[in-house]
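Some notes on the structure that comes next.
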Amino acid sequence: MALTADNFINYDIAPDDVAIQKPAPVSKEKRIQTIDMVRGFALCGILLVKIIGFGTYYYTLYKVVQGPQHNADYITIGAIITFFDGTMRGLFSMLFGAGMILFLTGKHERTTGPRVADYYYRRLLWLVLFGVFNAFVLLWTGDILYFYGLAGMILYPFRKTAPKVLIMLGLLCFLINAVKTQWGWNDMKSKRVAYLEAVVAENAGQKLTPEQEGAKAAWPEMEKNMVPDPYRS
């Protein structure tokens, strides 16, 4: 393959100097301002969501949600969760995918030196490392960088997949998650109903069956796992 200037896009290297291969940031002229603006908007939205975790314990948040529904705390948290929580995560995820495509299409393979995939995976490994640092050094339980890094590694083999196939895979993942969520909800609901029936029977002076005894013991354990630990943020 002939080496031309096109082979060195986004690299700080001259076409006649193959020995020096130093990656450089994308120049200001080549950045897409619209994507940068949307990314900044998404980051501000994510910050708005995470301020709750930064400023209080999650146990406090749980008590606010379970408490009176007409005070300022409840209304504020409800507005953030309704308009920003899932919306900004979804927007940021789409921007992450767009950044992956732009990163890969803005670089060309060389006959010598690291491949484009090497730079791509090195970038994601740094993202994973930052996520591990957040979780185990800064003790931030809401870290997402680790999962973005792993997701990016999984997505790389699908970079040339046809859009129709990607849409079908996305719908399949959505369907699997919806079924899994509904399954878990139905299981929790059935255990709650069985627990209440066992409590009513016990209060009526009836002797509980082994199934009712198991239902009566199972629900408190499940409820304990749903309530946040007051000593953890």
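Coordinate-derived values only; no laboratory data. The model shown is predicted, which means the values in this text are computed figures rather than measured ones. Here the Cβ is made from the backbone with ideal geometry for all residues, glycine too, and neighbour counts use every protein chain on show.
Calculated FRET efficiency, Cys173 and Leu104, Cβ-Cβ r, R0 25 Å, to nearest 0.05?
Computed FRET efficiency for Cys173 and Leu104: 0.70.
Take every Cα pair under 8 Å in region 141-223 that's 6+ residues apart, average their separations, divide by the length, and report that relative contact order as a whole percent.
22
If you place +1 on the Cβ of every Lys and Arg and -1 on the Cβ of every Asp and Glu, how big does the dipole about the Cα centre of region 77-193 come out, in debye to the nearest 20?
With Lys and Arg at +1 and Asp and Glu at -1, about 280 debye.
With +1 assigned to the C-beta of every Lys and Arg and -1 to the C-beta of every Asp and Glu, and no other charges, what is the dipole magnitude of region 163-227 about the Cα centre in debye, to the nearest 20?
Dipole size: approximately 320 debye.
Would you kindly derive the ³J(HN,Hα) couplings of region 157-174 from the backbone phi angles with the Karplus curve 6.51 cos²θ - 1.76 cosθ + 1.60 (θ = phi - 60°), listing them in order in whole Hz, with x for Gly and Pro?
For region 157-174, the Karplus-derived couplings read x, 9, 5, 10, 6, 4, x, 4, 5, 5, 5, 5, 5, x, 5, 5, 4, 4 Hz, x marking Gly and Pro.
Assuming 0.36 nm per residue, please report the length gained on full extension of the stretch Phe136 to Glu221 beyond their Cα-Cα distance.
Full extension from Phe136 to Glu221 adds 27.8 nm.
Can you list the lysines whose alpha carbon is less than 21 Å from that of Lys28, not counting same-chain residues fewer than 8 positions off?
Partners within reach: Lys107.
Count the lysine pairs in region 163-227 whose Cα atoms sit under 20 Å apart, keeping only pairs 8 or more residues apart in sequence or on different chains.
9
With label points built 7 Å along Cα→Cβ from the Cα atoms of Leu155 and Val116, find their separation and express it in nm.
Placing both labels 7 Å beyond Cα along the Cβ direction yields 1.6 nm.
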